[in-house]
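Notes to accompany the following structure.
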Amino acid sequence: MSKLCGLNVVQLREELQKRSLVTSGNKEVLVARLREALIDKGKNPDEFKYTGSN
């Protein structure tokens, strides 16, 4: 299981908002959107670490 799947919807939305991405949708959609954003930035989504609100 991906570390992204371990995040709850609120956490996923926070991470998407940090990246100025759309925050609507269900958990599956949010995970896919964040995964794609990380890959686009050259990062490995499986090594993602949630840092919480800043």
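Taken together, the values in this text are just the output of simple stated rules run on the coordinates, not laboratory data. Because the structure is predicted, anything quoted here is derived from the model rather than measured. With ideal geometry, Cβ positions are generated from the backbone for all residues, glycine too; neighbour counts draw on all protein chains shown.
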Quickly run through the stretch 23-50 and pick out the residues that are among the charged types (D, E, K, R) and in a helix (DSSP H, G or I).
Lys27, Glu28, Arg33, Arg35, Glu36, Asp40, Asp46, Glu47
Residue that is nearest to Val9 (Cα to Cα), among those in the stretch 22-42 that are touching a Pro at 6+ places or on another chain (Cβ under 8 Å) and among the hydrophobic types (A, V, I, L, M, F, W, C)
Leu34
Is there any pair with a first residue in the stretch 1-28 that is within 14 Å of Lys49 (Cβ to Cβ) and a second that is among the charged types (D, E, K, R) and loosely packed, with under 13 Cβ neighbours inside 10 Å whose Cβ atoms are under 7 Å apart and which are 6 or more apart or on different chains, and what are they?
Ser2/Asp46; Lys3/Asp46
Could you tell me which residue of the stretch 1-49 is surrounded by the most Cβ atoms within 10 Å (Cβ to Cβ), considering only residues that are of a type in the set (S, T, N, Q) and out of contact with any Leu (no Cβ under 6 Å at 6 or more places or on another chain)?
Gln11
